[in-house]
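K.L.:
Take a look at this one; I'll ask things after.
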Amino acid sequence: MTDADVYATFLQAMQRPGKQAASSAPLLTGAGSLPSAFPVTPFACAAIASAAQALADYAEARFGRRHAVRVDRRLASFWYATSLRPQGWQLPDVRDHITGDYRTRDGWIRIHANAPHHRDAALSVLGCGPEHGSVAAAISHWDAQPLEDAMVAAHACAAVMRSRDDWLRHPQGQAVSAEPVFHHARHELPDAYASSGGRPDARPGARPARMHDALATRERPLAGLRVLDMTRVLAGPVSTRFLAGYGATVLRLDPPWWTEPGMVPEVTLGKRCAEIDLRDGPQIELLRTLLADADIFVHGYRSDALARLGLGEDERQAIRPGLVDVCLDAYGWTGPWRARRGFDSLVQMSNGIALAGMQHYGTDKPTPLPVQALDQTAGYLMAASALRGLTSRLGDGLGSVTRLSLARVGELLASGAAVDTEPLAPETQDDLSPDLEQTEWGPARRLHPPCEVEGIPMRWDLPAGSLRSSTPSWS
């Protein structure tokens, strides 16, 4: 499967039924591939190209000029790992020390415990101390499937290693395979706004569209657009980082207990980060206020979570008519696992990717992808979905909802075989931007952008900063 094949697959998936693809394939440059049993580098190129092409299409619709797109497969591969290179300081560990793969009596299971509440839930099931050896000893007395069931029941995060055949026979695997990559729907404006001529900015107190009109330029086409980001590791933050790179104002909201120290410097680039606690009624009202003035809402809540707070899809569109709504979950939007907690590494265990890697390389333990390719791919496809929604809204003012899942992205990846190509050459100083980013933790350099949209440079107006370092407001 070549880069062009993968891009064509993504482009076809982006189209609504009855619509013909309007975009031509981007120019792909560079050499080398990440080592994997699956076409990770072609997927990286395709996903980044999809987002870049969606930006080019939006800019053309906005300003009437076409923009060529170029993607560098070498830089795309590197960005799928990390983009940040600290200068004189060190990033914190990404993973908690008990996160990892463990042998059970009849197989393997992965525990994801980076979040403290997930860690505590896992330890409560195992009845052991927080030392890695203690966890391994406790797990060694379990069979894999009963342990996964117990972990899920306790609201911990775990996944048994399954084969591709087992996954495709599993009710959730069958449900995910039947889903589209993009669940996409347009939203008619509520009747209350129909008399306003169908413009989402015509509601009382709404932020006029002309505020974006006054700020957007050919070089910064997303300037003035407001993105409300309620996502965490890793896909959603990748998507909003991409949007911020072209001028969007991104406000990220996190609950008071959330932490991801190893990833924050990587993904908060270009964003303001604030706190919100949705257990508190006034804070829910604050969210409604922020949502009312957002152009794009990106979130990663499970399918039923926001609806329980009175903020389901229809309610969000009523609060902000014309809202471009993009959401992600782990295991799909249908099937028995549709509300299950999950992360990239857990989905790779469930859907057979980790076992396929183990067999491909002849190892004696689960062998996942060399990078978090499901998260990264989903992130760029979320950015593409947001931009497609903006482009559609230019014509009729209507909002949209697009839903994606890590599991469905995994099916795209698992359907392709790795291509034989030369390995990536080691990174050099030439791969890095000469500019210093003064992050909250110290100076750093970033990789050069993995894509180029002609006449529209990718750059960020804010350096990376810590969570909850700003106020929860648009000002």
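Readers should treat all values here as calculations from the given coordinates under stated rules, not as data from a laboratory. None of these values were measured; they are calculated from a predicted model. Methodologically, a virtual Cβ is constructed for each residue, glycine included, from the backbone with ideal geometry; neighbour enumeration extends over all protein chains shown.
K.L.:
Would you kindly calculate the translational diffusion coefficient of segment 89-185, applying Stokes-Einstein with the Kirkwood radius from alpha carbon pairs, for 4 °C and a viscosity of 1.567 mPa s, and quote it in µm² s⁻¹ without decimals? Each step should come with its number before you reach the end.
P.N.:
Numbers: Rh = 14.8 Å.
Translational D for this selection: 88 µm²/s.
K.L.:
Okay, moving on. Starting from the amide H of residue 445, placed 1.01 Å from N in the peptide plane, find each other amide H under 5 Å away whose residue is 5 or more places distant or on another chain.
P.N.:
Sorted by chain and number, the residues that satisfy this are 85, 87, 437.
K.L.:
Another question, if that's okay. Could you sort the peptides 44-53, 229-238 by per-residue average Cβ neighbour count (10 Å cutoff), highest mean leading?
P.N.:
Values: 44-53: 29.7, 229-238: 25.0.
Averaged packing, sorted descending, gives the order 44-53, 229-238.
K.L.:
Now a separate question. Could you work out the equivalent-ellipsoid semi-axes for segment 219-328, taking the square root of 5 times each eigenvalue of the Cα gyration tensor, largest first, in whole Å?
P.N.:
Ellipsoid semi-axes (Å, largest first): 21, 18, 12.
K.L.:
D for segment 273-391, whole µm²/s, Stokes-Einstein with Kirkwood Rh over alpha-carbon pairs at 20 °C and 1.002 mPa s: what number? Working shown, then result.
P.N.:
Details: Rh = 16.6 Å.
Calculated translational D: 129 µm²/s.
K.L.:
Any chance you could list P(r) for the chain, counting all Cα-Cα pairs in 20 angstrom bins from zero, rounded to whole %?
P.N.:
24, 59, 16, 0
K.L.:
May I pose another question? When a/c reaches 1.5 or more, the comparison of a/b and b/c decides; with that in mind, is segment 346-475 rounded, prolate or oblate per its Cα gyration tensor?
P.N.:
Working: a/c = 1.80, a/b = 1.27, b/c = 1.42.
Oblate, because a/c is 1.5 or more while a/b does not exceed b/c.
K.L.:
Quick check: pseudo-label points 7 Å beyond the Cα along Cα→Cβ at residue 470 and residue 363, how many nm apart are they?
P.N.:
Those two pseudo-labels are separated by 3.8 nm.
K.L.:
May I ask you to work out the translational diffusion coefficient for segment 1-155 at 37 °C, viscosity 0.692 mPa s, via Stokes-Einstein with Rh from the Kirkwood sum over Cα pairs, reported in whole µm²/s? Walk me through the intermediate numbers first.
P.N.:
Values: Rh = 19.4 Å.
Estimated via Stokes-Einstein, D reaches 169 µm²/s.
K.L.:
Can you order the peptides 467-473, 74-80 by their average number of other Cβ atoms within 10 Å per residue, highest first? Intermediate values should be presented prior to the final figure.
P.N.:
Values: 467-473: 15.4, 74-80: 23.9.
Going by the mean number of other Cβ atoms within 10 Å, highest first, we get 74-80, 467-473.
K.L.:
Another question, then. What does the convex hull of the Cα atoms of segment 409-468 come to per residue, in Å³, rounded to a whole number? Show your work: numbers first, answer last.
P.N.:
Details: hull volume 12.0 nm³, N = 60.
It is 199 Å³ per residue.
K.L.:
Which order do peptides 314-323, 175-184, 245-254 fall in by mean Cβ count within 10 Å, highest first? Walk me through the numbers on the way to the answer.
P.N.:
Numbers: 314-323: 20.7, 175-184: 17.9, 245-254: 24.5.
In decreasing order of mean packing, 314-323, 175-184, 245-254 become 245-254, 314-323, 175-184.
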